[in-house]
Protein chains: 2
Amino acid sequence: MPILKSYLGGAWVEGGEPAQALLNPATEEVIAHVGSCAADLGAALAHARTRGGPALRALTFAERGKLLRGMCDALQAHRDELLDLAVANGGNTRGDAKFDVDGATFTLSAYADLGQELGERKFLLDGEGISLGRSPRFHGQHIRVPRHGVAVHINAFNFPAWGFAEKAAVALLAGMPVLSKPATSSAMVAHRIMQILVEKAALPEGSLSLLLGGVGDLLEHVGPQDVVAFTGSSDTGSRIRSLPGVIRNSVRVNVEADSLNAAILGPDATPGSETYDFFLKDVLRDITQKAGQKCTAIRRVLVPTSVSDRVRDDLADRLAAVTVGNPASEGVRMGPVATAGQLKDVREGIDLLARDGRLVFGASDLKPLGVEPGKGFFVGPALVELESGADGPSVHSHEVFGPAATVVPYSGQASEAAELVARGRGGLVSSVYSEDAAFTVEVVLAIAPHHGRVFLGSAKIAELSPGPGTVLPLLVHGGPGRAGGGEELGGARGLGFYMQRVALEGARPVVEKIAGIVAS
Amino acid sequence: MPILKSYLGGAWVEGGEPAQALLNPATEEVIAHVGSCAADLGAALAHARTRGGPALRALTFAERGKLLRGMCDALQAHRDELLDLAVANGGNTRGDAKFDVDGATFTLSAYADLGQELGERKFLLDGEGISLGRSPRFHGQHIRVPRHGVAVHINAFNFPAWGFAEKAAVALLAGMPVLSKPATSSAMVAHRIMQILVEKAALPEGSLSLLLGGVGDLLEHVGPQDVVAFTGSSDTGSRIRSLPGVIRNSVRVNVEADSLNAAILGPDATPGSETYDFFLKDVLRDITQKAGQKCTAIRRVLVPTSVSDRVRDDLADRLAAVTVGNPASEGVRMGPVATAGQLKDVREGIDLLARDGRLVFGASDLKPLGVEPGKGFFVGPALVELESGADGPSVHSHEVFGPAATVVPYSGQASEAAELVARGRGGLVSSVYSEDAAFTVEVVLAIAPHHGRVFLGSAKIAELSPGPGTVLPLLVHGGPGRAGGGEELGGARGLGFYMQRVALEGARPVVEKIAGIVAS
């Protein structure tokens, strides 16, 4: 039975008691242990700051990009092994596992490309030079430089590979060392990734650390040049933001929390149309993929009242065809949720939603395939429907982080759809399925302030698009309000979080000399 | 005796008991009263959100810019009156008052120009269109849209005009209504500004509100689309950031706190050189202007050990020539600090600094000109010096928000200067006075991560520059760590705080259609 170790201060560190068992969520077998980390976390951060930071800052963006390319290649070389671990420790189907692991390498690759594009420079210019006075001699220029601290990354259980890589890629490219803390329950994938990278000596010493088990007193040691990026629940995000050391040092905190992402069916997208089918496919994928454990998954399905019965029935039919079970078994399309705690929360959450309307699909007698009866953290896909005009207080405020969604009828008016979406008080992504450009434009501009991303679901991209639930490295990920108020990725935009923007002000020749150094 | 009223929900609202007296800090005469605001602040925010927000968002940037131009013109027309109030209620000399009031109109004017430049559009594009897949049909575009909330501005006592205008200009141009809360002690200027703008009907209803007196339960009513921008002490900034409603709703908070801004004299800038004189002039201005009550003022004066005695003596000589007194009296160059509380803090702070080294200038028998003996919140300019190599724990951590600075000798090495500057744990601005480009570049790049702005003090701009202590609308203002971690202004950069960046993802024609609407 493996005991997973942390990698801190340039060495593997075994955890102590109490140890936590990692399970296969389909069988409840114990497959590894993680001890409580007793290491000096202040020293681990200091090591990253004093060794990793200077080593990364000495490199150009192109060189840092090459490091990311090396990481990507190393993970690719171990892809099958990582997929197996994701299936065993994450309850992922093979498709779910690919979504996570390939998402990781795709993101590393995209940021490796960005590094190459940014080339042989170590800093970034921010905008053009600015004349500051009557005379052109008095001159300004904004630049961005890497922060001299550590990027602390606290990741969610649902994407142990992608969550790790999407945060690490951006920080490392910006020139900041990373200390990554995966969620314990699914830590085997992140741990194996770290082993692979250490074996390959993929990065300069101190550039990358991994903390397993509890976060301990880690966040008491963050300073004014450090940053914290967190993905997970709003509650934990709020706790991190409230920490005295974080507040006192104005530590930058980026929070990606879950949200009540909506998909809006336009009144033009009538049943039978390509757009309608595209919409159904995306909703169905988001309910079942990763057993609905995606922060970007569609939770609220807004459909014109005139077709809401039809949508409900079509979704229910398709959900009935989804085989739930042990993802190691042939033919299983949806696995368990990640933990017993998740299972409890999801079941309670579905009950809560159902009280706003009614449960129209959801097996009470679920018999997961390939599992000993009574074992595993299984919950069948669930569909709730609201009556037209119903308030739906839970539907618009409580996120069930599992395979559940609610059909919410609306009049077909763009303004009403936008008003319903806004009740979610801030989301990561919402989507509009319509070929009516006027409707789409009206909805998009009305819901935009409440989102980090808006997906325009036209049939024209049905074959090309991974759907709204997939985060792409070139587009920002994050959203206001209950989505945490954070922002990640978006190509070069993501680097901003790990860099300090500073205005230079002075005589034009010397300001331009520095700009030249920055740009070259 | 005027009782100043708040302007909330489109009407003037008188405050209740207990009322607070506003003083002339030079004479301690009571010159106005402010009552405690008993208004429903949740309703005031809702009025701004539902009336002001839609009205501003219906306008183009050019139209919003015209509103700012109108505000600027209105304040210009009342300039003398505002200057008089700043002298009476702020303890400002006429020069200090101009710095504040003209700073306000200059910033309004700069953002009026930016509005004209951004032209006939209501939203902003953020970067270019992005091809997202193998086919160019799958397309992305980032845009920025105004947030649908209220911009709550909480301002510091030292700049009642500029602080109000620099925040309001940016928010209004972005399309967000403003509720501004000036510091009570110096509120007469902000109150008069509001009167002038209301009389002129300068803005659509609900676009601008003014809350006088305590902040009450205002911040319990902020929601996920609102933002809070605060200027003042780190402690209050931390308190705002910790508020449960702010955290729960992921309310964007921008904090500008004070910092231990440094001025570094390069080893080439020997006594008698133009650069040396420029440096002395800037240090002297920052000690005395606004009686040192500027968040950007130079607090730590880093000079090569070889010239530190000379710098100390030159500064002391010049400080001895500064006439302190009632700013209403002829010949007075420095007024009192703003309040009795400030006076106490400044005196205690100077004692604290002196314990790190020694007080080399600071009158214990100050006789302010034009004031009844014993009256007024006067403290003379103070200069402390550290010994070479001394630790200076208070000098590097405690900001005295008054007319005081400390001479800190260093070896003349750029790396040592940068290390000393970094001990301030994050600053708004630091400055380097040198004609040696290599030295300047080394220092600038080393201190950049710790600052929002770096001022390059070459003699070539001595006649053009307002010095590091002046915030310019085209350059960002703010800094990491103890400076609050915020960022304001910087031309169009400042709009970002008041807008939501959102990624659009879909079929190229419809994404480009929206981009076209945004851009036109």
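Brief remarks follow.
- Extreme residue, surrounded by the fewest Cβ atoms within 10 Å (Cβ to Cβ), among residues of the stretch B:1-23 that are of a type in the set (D, E, K, R) and closer than 25 Å to B:Ala340 by Cα: B:Glu17
- Residue check, A:Val87 modelled with pLDDT of 95 or more, within 29 Å of A:Ala340 (Cβ to Cβ) and touching a helix residue (DSSP H, G or I) at 6+ places or on another chain (Cβ under 8 Å): yes
- Any hit, the stretch B:423-437, residues being more than 8 Å from every other protein chain (Cβ to nearest Cβ) and part of a helix (DSSP H, G or I): no
- Restricting attention to the stretch B:446-474 and to residues that are facing chain A (nearest Cβ under 7 Å) and part of a helix (DSSP H, G or I), the residue that is farthest from the chain's Cα centre (by Cα) turns out to be B:Lys460.
- Selection within the stretch B:129-140: residues that are surrounded by 16 or more Cβ atoms within 10 Å (Cβ to Cβ) and touching a residue at least 40 places away in the same chain (Cβ under 8 Å). The member of this set that is farthest from the other protein chains (Cβ to nearest Cβ) is B:Gly129.
- Residue list for the stretch B:150-182, filter: in contact (Cβ under 8 Å) with a residue 60 or more places away in the chain and of a type in the set (S, T, N, Q): B:Asn155, B:Asn158
- Within the stretch B:199-208, the residues that satisfy the criterion of being under 24 Å from B:Ser186 (Cβ atoms) and either of a type in the set (Val, Ile, Thr) or part of a loop (DSSP other than H, G, I, E, B) (or both) are B:Lys200, B:Ala202, B:Leu203, B:Ser207.
The rows are residues; the columns are (1) within 14 Å of chain A (Cβ to nearest Cβ); (2) modelled with pLDDT of 95 or more; (3) under 27 Å from B:Ser233 (Cα atoms); (4) not in a loop (DSSP other than H, G, I, E, B).
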| position | (1), (2), (3), (4) |
| --- | --- |
| B:Val101 | no, yes, yes, yes |
| B:Ala112 | no, yes, no, yes |
| B:Gly127 | yes, yes, no, yes |
| B:His142 | yes, yes, no, yes |
| B:Val145 | yes, yes, no, yes |
| B:Asn158 | no, yes, yes, no |
| B:Phe164 | no, yes, yes, yes |
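- 1 or more residues crowded, with 20+ Cβ neighbours inside 10 Å and under 19 Å from the mean Cα position of the chain (by Cα): qualifying helices (runs of 4 or more DSSP H) within the stretch B:227-293: B:234-242, B:274-288
- Only one of the listed residues (A:Val454, A:Val518, A:Val441, A:Val432) is modelled with pLDDT of 95 or more and closer than 30 Å to B:Leu489 by Cβ. That residue is A:Val454.
- Pair list, Cβ under 9 Å, 6 or more apart: the stretch B:357-371 residue touching a residue at least 40 places away in the same chain (Cβ under 8 Å), other residue surrounded by 16 or more Cβ atoms within 10 Å (Cβ to Cβ) and among the basic types (Lys, Arg): B:Val360/B:Arg312; B:Phe361/B:Arg312; B:Pro368/B:Lys375
- Checking A:Glu348, A:Glu419 one by one, the residue that is within 28 Å of the chain's Cα centre (by Cα) and within 24 Å of A:Pro468 (Cβ to Cβ) is A:Glu419 and no other.
- Of the criteria (1) surrounded by 15 or more Cβ atoms within 10 Å (Cβ to Cβ); (2) at pLDDT 95 or above; (3) over 30 Å from B:Val307 (Cβ atoms), which one B:Glu348 fails: (1)
- Matching residues in the stretch B:183-198 - criterion: being closer than 14 Å to B:Glu81 by Cβ and either touching a strand residue (DSSP E or B) at 6+ places or on another chain (Cβ under 8 Å) or touching a residue at least 40 places away in the same chain (Cβ under 8 Å) (or both): B:Met188, B:Val189, B:Ala190, B:His191, B:Arg192, B:Ile193, B:Met194, B:Ile196, B:Leu197
- So A:Val518, is it in a helix (DSSP H, G or I), more than 21 Å from the chain's Cα centre (by Cα) and within 7 Å of chain B (Cβ to nearest Cβ): no
- Test for A:Val510: is it under 23 Å from A:Phe278 (Cα atoms), within 8 Å of another protein chain (Cβ to nearest Cβ) and without any contact (Cβ under 8 Å) to a residue 60 or more places away in the chain: no
- Of all residues in the stretch B:372-411, those being touching a residue at least 40 places away in the same chain (Cβ under 8 Å) and closer than 21 Å to B:Gly427 by Cα number 19.
- Across the stretch A:37-58, the number of residues qualifying as surrounded by 16 or more Cβ atoms within 10 Å (Cβ to Cβ) and either under 16 Å from A:Arg192 (Cβ atoms) or small (Gly, Ala, Ser) (or both) comes to 7.
- Count - residues of the stretch B:447-464 that are buried (at least 24 other Cβ atoms within 10 Å of the Cβ) and small (Gly, Ala, Ser): 4
- Selection from the stretch A:241-297 of residues that are modelled with pLDDT of 95 or more, closer than 21 Å to A:Pro381 by Cα and among the polar types (S, T, N, Q): A:Asn261, A:Thr288, A:Gln289, A:Gln293, A:Thr296
- Restricting the stretch A:177-228 to residues that are of a type in the set (Val, Ile, Thr) and under 20 Å from B:Pro480 (Cβ atoms), the residue that is farthest from the other protein chains (Cβ to nearest Cβ): A:Val178
- Hits in the stretch A:24-36 (condition: buried (at least 19 other Cβ atoms within 10 Å of the Cβ), touching a helix residue (DSSP H, G or I) at 6+ places or on another chain (Cβ under 8 Å) and not in a loop (DSSP other than H, G, I, E, B)): A:Ala32, A:Val34
- Residue within the stretch A:209-216 that is touching a helix residue (DSSP H, G or I) at 6+ places or on another chain (Cβ under 7 Å), on the phi > 0 side of the Ramachandran plot and in a loop (DSSP other than H, G, I, E, B) present: yes
- Test: residue in the stretch B:475-485 that is within 30 Å of B:Gly129 (Cα to Cα), modelled with pLDDT of 95 or more and at the interface with chain A (Cβ under 7 Å from one of its Cβ atoms): yes
- From the options B:Leu386, B:Leu366, B:Leu343, residue that is at pLDDT 95 or above and out of contact with any helix residue (DSSP H, G or I) (no Cβ under 9 Å at 6 or more places or on another chain): B:Leu343
- Residue ID - farthest from A:Val421 (Cα to Cα), chosen from residues in the stretch A:297-333 that are assigned to a helix (DSSP H, G or I) and within 29 Å of the chain's Cα centre (by Cα): A:Ala320
- Boolean, B:Ala97 is more than 26 Å from B:Leu173 (Cα to Cα) and surrounded by 20 or more Cβ atoms within 10 Å (Cβ to Cβ): no
The values are calculated or read from the model by the stated rules, or taken from the named source; none is laboratory data. What you are looking at is a predicted structure, and each value in this text was computed from that prediction instead of being measured. Don't worry about glycine lacking a Cβ; one is built from the backbone with ideal geometry, like all the others, and counts go over all protein chains shown.
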